[in-house]
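> Here's a structure for you.
Every number in this text was worked out from the coordinates using simple rules, so none of it is lab data. Given the structure is predicted, the values throughout are model-derived calculations rather than measurements. When we count neighbours, we look across all protein chains shown, and the Cβ atoms used for this are built from the backbone with ideal geometry, even at glycine.
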Amino acid sequence: MISINHRDSKPIYDQVKNEFKKLIVSSVMLADDKLPSVREIASALAINPNTIQRAYRELEIEGYIYSLPGKGSFVSDFREIGNEKKAALLAKFDEAVSELRFLGVTSKELQGRIEGGKKND
């Protein structure tokens, strides 16, 4: 389910967090699905439980999961927090588009990226 790359320069907690985000955003994990316990993931990946706890804490801060004391962590229903998250992501997108336009990237190139077309690096 989750894999980490020890050679990656990203911190392990960040890799774990991003792996869960991918599972949630791609609907592999659905609203109210229970996440594996911190101990289960730490044991399976042979890493410190504090690392997993940090990833879970950040996922909760970002609104991807919620915790119930004594029950565990669960995937959030994005319909409830979706508008706030969309607004934040669109603001980041607008900043990136402005900078890219300043650097000479055309509207056509940007549109191609948005539509999933060929990347022009």
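> Among what's in segment 1-36 and is among the hydroxyl-bearing types (S, T, Y) and at negative phi, pick the residue that is surrounded by the fewest Cβ atoms within 10 Å (Cβ to Cβ).
Initial filter on segment 1-36 (among the hydroxyl-bearing types (S, T, Y)): 3, 9, 13, 26-27.
If we keep only those that are at negative phi too, we end up with 3, 9, 13, 26.
Values: S3: 8, S9: 6, Y13: 20, S26: 8.
Looking at the filtered set, the residue picked out is S9.
> Okay, moving on. Could you check how many residues of segment 23-61 are within 24 Å of H6 (Cβ to Cβ) and among the acidic types (D, E)?
Qualifying residue count, segment 23-61: 2.
> Could you figure out which of (1) out of contact with any helix residue (DSSP H, G or I) (no Cβ under 6 Å at 6 or more places or on another chain); (2) charged (D, E, K, R); (3) under 21 Å from N83 (Cα atoms) isn't true of K10?
The one condition K10 does not meet is (3).
> Moving on. Evaluate the following for P69: is it under 18 Å from S3 (Cα atoms) and either in contact with a Leu (Cβ under 6 Å, 6 or more places away or on another chain) or not acidic (D, E) (or both)?
Values: under 18 Å from S3 (Cα atoms): no; either in contact with a Leu (Cβ under 6 Å, 6 or more places away or on another chain) or not acidic (D, E) (or both): yes.
When the stated conditions are applied, P69 does not pass them.
> When the residues of segment 56-71 are filtered to those that are closer than 18 Å to E19 by Cβ and in contact with a strand residue (DSSP E or B) (Cβ under 8 Å, 6 or more places away or on another chain), which remaining residue is surrounded by the most Cβ atoms within 10 Å (Cβ to Cβ)? Outline the logic, then answer.
Quick first cut of segment 56-71, residues closer than 18 Å to E19 by Cβ only: 56-65.
From the residues that got through so far, the ones that are in contact with a strand residue (DSSP E or B) (Cβ under 8 Å, 6 or more places away or on another chain) too are 56, 59-60, 64-65.
Values: Y56: 23, L59: 23, E60: 14, Y64: 23, I65: 25.
Within segment 56-71, the match that is surrounded by the most Cβ atoms within 10 Å (Cβ to Cβ) is I65.
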